[in-house]
Each structure stands twice: as structure tokens, then as C-alpha cells.
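> Structure incoming, see below.
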Amino acid sequence: MVPHRFSNKAHVAGFRAWTPSRRQPQAIAAPAAKIFLLIPTTVPSIDYTAAYLSEVAALAAHLDTTVIDRMIDLLQEVRALEGRIFFLGVGGGAGHAGHAVNDFRKIAGIECYAPTDNVSELTARINDDGWESCYANWLRGSHLGPRDAVFVFSVGGGSPERRISMNLVASLALARQAGARILGVVGRDGGYTAQVADACLIIPTLSPETVTPHTEEFQAVVWHLIVSHPRLRANEMKWESAQ
């Protein structure tokens, strides 16, 4: 078995080294992890499981807890103002959005919604208005305002320049205009979400081959951490309260 090794050297024979981009987003975001992950140029399939899990451990150790605490502060403000959280995501992020709506309503006592939970309205808006505006128009119909928050789950965070996840980009632009709080858990360099967010946690990239799975798994870790945090948890969870 070939274990992962960490080093501050840019190159080691037989390994390719990778380090996260040093580009700093404008929002409060987790700084890129200042580590190198050395991955064998040829990894036998039998070692993939161990290598993957070693990346999980390294990522967990490098999450910026100050950003997570800032996100909790913002969501406490939303609850105190009797505002709402609108969770937005595409693909795996859409799955997280629906799950987060359930937990934040039930455990944190915050009114929450996700456009992907109403298939009829979402598909009607896509058909009639187009993909790029479907989430933003849904937020307009929900009367998004300054008491509310938009919470994004995305691997790349959206990119106007590359026209990727433009439905998220349009929604975030609307959220800024409405004065709503913007939060996100994203990967890569954070994209447009990190540029405009009030608090954005960037999941560091340790290996270019596992950006998406690690970003999406840690989105679930982070929002479960937030909703179960003593400062937000308003109701006990079933199995934690069962005798």
C-alpha cells in the first residue's frame, strides 16, 4: 500500500505534487491549505480507498473554523429577524439543498426552502423562462429580502466568464440587490459565490481528480455541523434524545 505523504517540496521523484491556487476571493473564505499532497503517478486500484480516506482526513484538518463560525453568526441573525434561508444547488448540491431544508426547519427552527423541492414550478420556469433565470425568478416570487439568506452548495461556485452555473450567478446577483445574506460551501477557488458571499467556506483541493466528491461530501459535513451546533440547535434530534 502506498500512503499519502505531505511535503513542502514542489517535486519528488515518482510523484506529482499539487498545491491549491493562491488566488484570494473577495469574500470571507477559507484560505487555501498550504500543503502539498504527493500522489503516486500510478496508484494501484487497491490503494485508492486508503488514498481517498487520507485526503478526507487532511481536508477535515484544514477547514477554516472561523468561516464556519461566521456562517453560524449570520444564520442566527436570520432566525432572530424571522427571516428565511433559501438553499440553492445543482446536481449533488440540489440534493444537499433539500436535505438541509428539512434539518434547518426541524432542528434549528428556521423557515427554509429550496427551488428544487417543487418540481412542477421549477420545470415550468425552466420551460417558460429558461435555465439561467429559473432560480432567480423563483426567488423573486418568494419576495427575497434583507432578512433572508441565500445558501449555495456548488463545486465551482459559478462563473460568469465561463458561463457555468449561470442560474446560481443570477440568483446571487439578485440576492445582493435584495440585501440578503449570502453563504456558500464551494470547491476550487470558490468562483462567483466566494466573490460576493458574506461567508464562504472553500473546500481545499488536494487532488485534481477528487475535487467534486470531496467538495460535495464536505458540504454535507459542514451544514450538519452548523445545524447541530449549540448556537443554532433549537430542537433535539431523535436518536440523540432517545433513551
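> Anything in the range 58-93 that is among the small types (Gly, Ala, Ser) and either in contact (Cβ under 8 Å) with a residue 24 or more places away in the chain or not in a helix (DSSP H, G or I) (or both)? List them, or say none. Explain how you work it out, then say what you get.
Kept after step one, since they are among the small types (Gly, Ala, Ser), are these residues of the range 58-93: 58, 60-61, 80, 83, 89, 91-93.
Residues satisfying the conditions are ALA58, ALA60, GLY83, GLY89, GLY91, GLY92, GLY93.
> Every residue in the range 61-76 that is over 18 Å from SER154 (Cα atoms) and either modelled with pLDDT of 95 or more or of a type in the set (Gly, Ala, Ser) (or both), please.
Step one: list which residues in the range 61-76 are over 18 Å from SER154 (Cα atoms), which gives 61-62, 65-66, 69-70, 72-76.
Passing the criteria: ALA61, THR65, THR66, ASP69, ARG70, ILE72, ASP73, LEU74, LEU75, GLN76.
> I'm checking my understanding of the structure. Among residues of the range 172-228 that are among the acidic types (Asp, Glu) and part of a helix (DSSP H, G or I), which one is nearest to GLY158 (Cα to Cα)?
At the first step, the residues of the range 172-228 found to be among the acidic types (Asp, Glu) are 189, 198, 209, 216-217.
When the remaining residues are screened for being part of a helix (DSSP H, G or I), the result is 209, 216-217.
Details: GLU209: 19, GLU216: 15, GLU217: 18 Å.
Among them, the one singled out is GLU216.
> Would you check if GLY91 is within 25 Å of GLY187 (Cβ to Cβ), surrounded by fewer than 16 Cβ atoms within 10 Å (Cβ to Cβ) and either in the same structural domain as PRO230 (by TED's automatic domain parsing) or at pLDDT 95 or above (or both)?
yes
> Next question, about the same structure. Restricting to the range 99-123, name every residue that is in contact with a Cys (Cβ under 9 Å, 6 or more places away or on another chain), among the aliphatic types (A, V, I, L, M) and within 17 Å of ASN167 (Cα to Cα).
Of everything in the range 99-123, just one residue is in contact with a Cys (Cβ under 9 Å, 6 or more places away or on another chain), among the aliphatic types (A, V, I, L, M) and within 17 Å of ASN167 (Cα to Cα), namely LEU122.
> Cβ-Cβ distance below 9 Å, separation of 6 or more or different chains: which pairs start in the range 149-170 with a residue that is at pLDDT 95 or above and end on one that is of a type in the set (Lys, Arg) and part of a strand (DSSP E or B)?
If the second residue must be of a type in the set (Lys, Arg) and part of a strand (DSSP E or B), the pairs left are ALA149/ARG84; ALA149/ARG181; VAL150/ARG181; PHE151/ARG181.
> When you check ALA57 against the structure, is it more than 15 Å from VAL222 (Cβ to Cβ) and surrounded by 17 or more Cβ atoms within 10 Å (Cβ to Cβ), yes or no?
no
> Please determine whether any residue of the range 113-127 is in contact with a Lys or Arg (Cβ under 9 Å, 6 or more places away or on another chain) and part of a helix (DSSP H, G or I).
The answer is yes, given that some residue of the range 113-127 is in contact with a Lys or Arg (Cβ under 9 Å, 6 or more places away or on another chain) and part of a helix (DSSP H, G or I).
> Let me ask something else about it. With respect to ARG79, determine if the residue is farther than 18 Å from CYS200 by Cα, basic (Lys, Arg), assigned by TED's automatic domain parsing to the domain that holds ILE226 and at pLDDT 95 or above. Write out each step before concluding.
Numbers: farther than 18 Å from CYS200 by Cα: yes; basic (Lys, Arg): yes; assigned by TED's automatic domain parsing to the domain that holds ILE226: yes; at pLDDT 95 or above: yes.
Criteria met by ARG79.
> On to the next question. Tell me whether the range 183-199 contains one or more residues that are more than 9 Å from the chain's Cα centre (by Cα), surrounded by fewer than 24 Cβ atoms within 10 Å (Cβ to Cβ) and modelled with pLDDT under 95.
Yes, the range 183-199 contains a residue that is more than 9 Å from the chain's Cα centre (by Cα), surrounded by fewer than 24 Cβ atoms within 10 Å (Cβ to Cβ) and modelled with pLDDT under 95.
> Is there a residue being surrounded by 16 or more Cβ atoms within 10 Å (Cβ to Cβ) and more than 16 Å from GLY184 (Cα to Cα) anywhere in the range 117-125? Give the derivation first.
Going residue by residue through the range 117-125, those that are surrounded by 16 or more Cβ atoms within 10 Å (Cβ to Cβ) are 122, 125.
Filter once more, keeping what is more than 16 Å from GLY184 (Cα to Cα): 122, 125.
Looking through the range 117-125, at least one residue is surrounded by 16 or more Cβ atoms within 10 Å (Cβ to Cβ) and more than 16 Å from GLY184 (Cα to Cα).
The values are calculated or read from the model by the stated rules, or taken from the named source; none is laboratory data. Keep in mind that this is a model prediction, so the values were computed, not measured. All Cβ positions, even for glycine, are placed from backbone atoms using ideal geometry, and neighbour counts span all protein chains on display.
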